[in-house]
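The values are calculated or read from the model by the stated rules, or taken from the named source; none is laboratory data. Only a predicted model underlies this, so the values are computations on that prediction, with no experimental measurement involved. When we count neighbours, we look across all protein chains shown, and the Cβ atoms used for this are built from the backbone with ideal geometry, even at glycine.
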Amino acid sequence: MTTPALLPLSGRRLPPLNLGASAFPHHRATLRLSEKFILLLILSAFITLCFGAFFFLPDSSKHKRFDLGLEDVLIPHVDTRLQFSPLRYVILFKIFHTLEFAGGDPGKIENKIRADHEKALEEAKEKLKKSRDEIQAEIQTEKNKVVQELKKKDSKPLPPVPLPNLIGINSGEPADPDIREKRNKIKEMMKHAWDNYRQYGWGHNELKPIARKGHSTNIFGNSQMGATIVDALDTLYIMGLHDEFREGQEWIDKNLDFSVNSEVSVFEVNIRFIGGLLAAYYLSGQEVFKIKAVQLAGKLLPAFNTPTGIPWAMVNLKSGVGRNWGWASAGSSILAEFGTLHMEFVHLSYLTGDPVYYNKVMHIRKLLQKMDRPNGLYPNYLNPRTGRWGQHHTSVGGLGDSFYEYLLKAWLMSDKMDTEARKMYDDAIEAIEKHLIRKSNGGLTFIGEWKNGHLERKMGHLTCFAGGMFALGADGSRDDKAGHYLQLGAEIAHTCHESYDRTTLKLGPEAFKFDGGVEAVAVRQNEKYYILRPEVIETYWYMWRFTHDPKYRQWGWEATQAIDKYCRVSGGFSGVKDVYSSSPTYDDVQQSFFLAETLKYLYLLFSSDDLLPLDNWVFNTEAHPLPVLHLANTTLSGNPAYR
Ligand code: DMJ
C-alpha cells in the first residue's frame with residue numbers, strides 16, 4: 001500500500017530543504033530533487049511497512065502461551081475483548097506522527113526544524129549564563145518532580161472489586177473456661193513478643209531478644225522492611241490487639257518503602273510480605289495494605305525475566321536484577337520457592353484486574369506439567385535457563401514442601417474449581433506415598449527424602465506440616481480415600497509429637513532419623529536446634545479442626561508450655577540450640593514466623609471453629625489467611641469495575 005499524498009505525483013518542484021542553516025553554517029544542506037525523491041521513497045516504504053506490521057503482525061494479547069480457561073472465573077473483571085496491545089499502539093503512534101510531520105507543506109517542516117534548533121540553542125545559552133550551583137539546584141528540582149510523579153502514580157487508587165465473603169474474622173471465644181485461659185496465655189505471649197520487638201527492634205526485620213536490638217538475615221537483603229510488623233499484623237487482628245495493629249498499620253503507611261537497593265528472596269517476600277499485607281487488607285479493609293502489596297508485587301516481577309519464565313530466587317528491588325542462590329544445584333531455582341507464589345498472585349490479579357500475576361504463575365504450572373518426572377516425583381531443583389531438572393532430590397520438607405501445599409490450596413482457594421491443581425496434587429501425593437512414606441520398626445510413619453535413587457530415612461521439622469496438608473486434602477481426594485488421608489495426617493502428627501516428646505525440652509529438633517535403632521531423634525549436633533518453627537503445631541491445629549480429638553489440644557498445650565519455659569527471655573522469645581540439653585543456649589533470634597504462624601496456630605487451636613472457618617479461608621504457607629474466591633456467588637455484573 002502506498003500513501004499518494006507523500007509522493008511528488010504532480011511533478012511539483014519542492015523548494016530546497018534547508019536543515020537549519022543558522023545552526024550549521026558550514027553545511028548548507030540544500031538537497032537536490034533526486035535526493036528528496038529518495039528521501040520520500042524511504043519514508044513511504046517505512047509507512048507501508050508500519051501499516052503491514054499493524055495488520056499482519058499477531059496481536060500480542062493473543063500470544064498467551066497457555067490458557068487454563070479459569071481466567072474468566074478467577075479474574076472476571078478482565079475483558080479479553082478490550083485487552084490492550086502495546087505493539088499496536090506503538091505502530092499506530094509512529095504512523096500518525098510520521099503522517100502529521102511529513103504530510104504537510106515541506107516549508108512548514110523546514111520551519112519546524114529551524115524553530116526547534118533555535119529553541120534548543122536559546123536554552124543552552126541560558127544554561128551557560130547560570131552558575132554551577134544554580135544548575136545543580138535545577139537538576140535537583142527536576143529530580144524531585146520525577147520522584148513526586150512516580151509516587152503519585154504508585155499510590156493511584158485501585159479499581160473496586162467485590163470483596164469475597166469475609167466470614168469469622170473476630171472472636172472465636174471458646175465456651176470452656178479452661179480453654180479460654182489457655183487462649184489468653186497465648187495472647188499474652190504474643191503481646192510479649194510484639195512489645196519487645198516494638199521497643200528494641202522496631203522497623204528492623206526481626207528482633208535479637210537477648211542483645212535487644214534489630215536483626216535481619218540474607219532473605220531480606222540489607223533492607224529494614226519491618227518483616228515482623230507485616231508478618232504479625234493478622235495475628236494481632238484476630239487476637240483483638242487493635243492498638244498494636246494500628247501501630248503496625250501506621251508504620252507501614254509511613255515507612256514501608258520498596259524502592260530500596262536490596263537483594264531479597266522472592267519466595268520469602270511473597271509469603272511474608274505480600275501474604276501478610278493481603279491478609280491484613282482482607283481482615284481490616286484498610287486500602288493501604290492492598291496498595292503496598294501491589295507495589296511490592298511490581299518489584300518482584302522482574303525476577304520472572306528468565307529464558308524459561310521460572311523466576312530467579314532473588315531479585316534486587318531497585319535494579320530488578322535477579323539471580324539464584326550459589327548453593328542450589330548448578331544455578332537452579334527451587335521448587336518450594338517458585339512453586340509457592342500461586343495463592344498470592346491469583347489474589348493480586350483478582351484485586352487489581354491485571355492478569356499479569358496470574359499469567360506468571362500459570363506459566364510455571366504449565367511448564368511443570370510438560371516435564372517428565374522421575375518416578376512421578378518432582379525434583380527440588382530446576383534450571384531457569386535450560387528448563388531442565390537439576391539434582392534429583394525430592395523432599396516434602398525444605399526445598400519442596402510448600403509447592404505441594406499450594407497445589408492443594410489453589411484448588412481450595414478457587415472454590416474447588418481449579419481441578420487441574422487438584423489433579424497435580426493427587427498425582428504428586430500418590431508418588432510421594434509410594435516412594436517416600438514408610439513405617440519405622442517402632443511403628444512410626446515418617447516421610448523420608450529421595451536422593452538420586454536412594455531413600456534417606458530422615459524427616460525434617462519442616463516436613464511435619466504435611467500431616468495438616470493430608471488432612472486438609474482428604475475431602476475431595478481421588479477414589480474417595482478421605483479416611484485414608486485423614487489417618488495418614490494423624491500418623492504424621494503422632495510421629496512429629498514423638499519427635500518433641502523424646503527430647504529434654506519437649507521441643508522438636510530441626511531433623512530426626514529413623515535409622516540404625518534411632519527413632520524420631522536427631523543424631524547430628526547441627527540438627528538439634530529449635531528456632532520457634534510452627535509446622536508441628538500447624539498440623540495439630542488442622543487435625544483438631546477435622547477430628548476434635550482432645551489429644552491435639554493437649555499436645556499443643558505441651559508445646560506452649562515448653563516454648564514459654566525454654567524460649568522466653570525478658571526481651572522476647574529466642575530459638576534454642578539443643579533441645580536435648582537441660583541447659584540450652586539461645587540463638588538470640590525472634591523469627592518473624594513465630595508471630596505470624598506459631599502463635600497464630602496455637603491461638604486458633606484454643607479458639608472455636610467459627611474463627612476463620614476453613615470453608616471460607618485458606619492459609620498461605622506463612623499462615624496468612626486469604627479468602628476463598630466464591631466468585632459464583634458475587635454480584636460481578638453489578639460492579640462498575642467489570643464494565
Ligand atoms: C515459614 O516461613 C513458612 O512456613 C515456610 O513455608 C517454611 N518455613 C517457615 C517456618 O518454619
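Listed values, structure above:
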item: Residue that is of a type in the set (Gly, Ala, Ser) and in contact with a Ser or Thr (Cβ under 9 Å, 6 or more places away or on another chain), where the choices are 309, 285, 322; result: 322
item: Some residue of the stretch 435-446 being part of a loop (DSSP other than H, G, I, E, B), more than 23 Å from residue 509 (Cα to Cα) and modelled with pLDDT of 95 or more; result: no
item: Pair list, Cβ < 8 Å and 6+ apart or interchain, from the stretch 288-309 residues that are over 16 Å from residue 263 (Cβ atoms) to residues that are of a type in the set (S, T, N, Q) and surrounded by fewer than 18 Cβ atoms within 10 Å (Cβ to Cβ); result: 291/155; 307/386; 308/386
item: Residue in the stretch 447-465 that is surrounded by the most Cβ atoms within 10 Å (Cβ to Cβ), counting only those that are hydrophobic (A, V, I, L, M, F, W, C) and closer than 29 Å to residue 613 by Cα; result: 464
item: Of residues in the stretch 585-608 being in a loop (DSSP other than H, G, I, E, B) and more than 16 Å from the ligand (Cβ to nearest atom), the one farthest from residue 538 (Cα to Cα); result: 585
item: Residue 167, sole failed condition from (1) outside any loop (DSSP other than H, G, I, E, B); (2) surrounded by fewer than 16 Cβ atoms within 10 Å (Cβ to Cβ); result: (1)
item: Cβ-Cβ under 7 Å pairs, at least 6 apart or on other chains, the stretch 466-483 side exposed (fewer than 15 other Cβ atoms within 10 Å of the Cβ), far side part of a helix (DSSP H, G or I); result: 475/482; 478/426
item: Whichever residue in the stretch 241-284 is of a type in the set (Gly, Ala, Ser) and within 16 Å of the ligand (Cβ to nearest atom) and, among such residues, is surrounded by the fewest Cβ atoms within 10 Å (Cβ to Cβ); result: 265
item: Count - residues of the stretch 429-484 that are in contact with a Leu (Cβ under 8 Å, 6 or more places away or on another chain), among the aliphatic types (A, V, I, L, M) and under 26 Å from residue 605 (Cα atoms); result: 5
item: Members of the stretch 398-412 that are closer than 20 Å to residue 618 by Cα and within 16 Å of the ligand (Cβ to nearest atom); result: 400, 401, 402, 403, 404, 405, 406, 407, 408, 409, 410
item: Selection status of residue 312, closer than 23 Å to residue 367 by Cβ, assigned to a loop (DSSP other than H, G, I, E, B), in contact (Cβ under 8 Å) with a residue 60 or more places away in the chain and not basic (Lys, Arg); result: yes
item: Residue that is farthest from residue 385 (Cα to Cα) [pool: residues in the stretch 315-330 that are at pLDDT below 95 and outside any loop (DSSP other than H, G, I, E, B)]; result: 329
item: Cross-chain or 6+ apart pairs with Cβ under 9 Å, the stretch 261-275 first and farther than 14 Å from residue 337 by Cβ and among the charged types (D, E, K, R), then assigned to a helix (DSSP H, G or I) and away from the ligand (no atom under 13 Å from the Cβ); result: 263/218
item: Residues satisfying the stated conditions in the stretch 541-570, i.e. surrounded by fewer than 19 Cβ atoms within 10 Å (Cβ to Cβ) and either β-branched (Val, Ile, Thr) or not in a helix (DSSP H, G or I) (or both); result: 547, 548, 549, 568, 569, 570
item: Single match in 515, 426 (criterion: in contact (Cβ under 8 Å) with a residue 40 or more places away in the chain and surrounded by fewer than 16 Cβ atoms within 10 Å (Cβ to Cβ)); result: 515
item: Members of the stretch 219-240 that are surrounded by fewer than 24 Cβ atoms within 10 Å (Cβ to Cβ) and polar (S, T, N, Q); result: 222, 223, 224
item: Search result, residues across the stretch 571-596 that are buried (at least 18 other Cβ atoms within 10 Å of the Cβ), touching a strand residue (DSSP E or B) at 6+ places or on another chain (Cβ under 7 Å) and not acidic (Asp, Glu); result: 572, 573, 574, 575, 576, 579, 584, 589, 590, 591, 592, 594
item: Qualifying positions in the stretch 614-643 - among the hydrophobic types (A, V, I, L, M, F, W, C), surrounded by fewer than 18 Cβ atoms within 10 Å (Cβ to Cβ) and modelled with pLDDT of 95 or more; result: 614
item: Count of residues meeting criterion [more than 16 Å from the ligand (Cβ to nearest atom) and assigned to a loop (DSSP other than H, G, I, E, B)] in the stretch 331-350; result: 1
item: Qualifying strands (runs of 3 or more DSSP E) (wholly inside the stretch 456-530; at least 1 residues being farther than 18 Å from residue 575 by Cβ and more than 33 Å from the chain's Cα centre (by Cα)); result: 511-515, 518-521
item: Test: residue in the stretch 419-430 that is assigned to a strand (DSSP E or B) and on the phi < 0 side of the Ramachandran plot; result: no
item: Conditions (1) among the charged types (D, E, K, R); (2) part of a loop (DSSP other than H, G, I, E, B); (3) at pLDDT 75 or above; number of the one not met by residue 156; result: (3)
item: Check on residue 611, surrounded by fewer than 24 Cβ atoms within 10 Å (Cβ to Cβ), at pLDDT below 95 and either in a loop (DSSP other than H, G, I, E, B) or within 16 Å of the ligand (Cβ to nearest atom) (or both); result: no
item: Yes/no for residue 579 being more than 14 Å from the ligand (Cβ to nearest atom), without any contact (Cβ under 8 Å) to a residue 60 or more places away in the chain and in a loop (DSSP other than H, G, I, E, B); result: no
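The rows are residues; the columns are (1) among the hydroxyl-bearing types (Ser, Thr, Tyr); (2) within 16 Å of the ligand (Cβ to nearest atom); (3) under 29 Å from residue 530 (Cα atoms).
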| residue | (1), (2), (3) |
| --- | --- |
| 440 | yes, no, yes |
| 444 | no, no, yes |
| 448 | no, no, yes |
| 460 | no, yes, yes |
| 471 | no, no, yes |
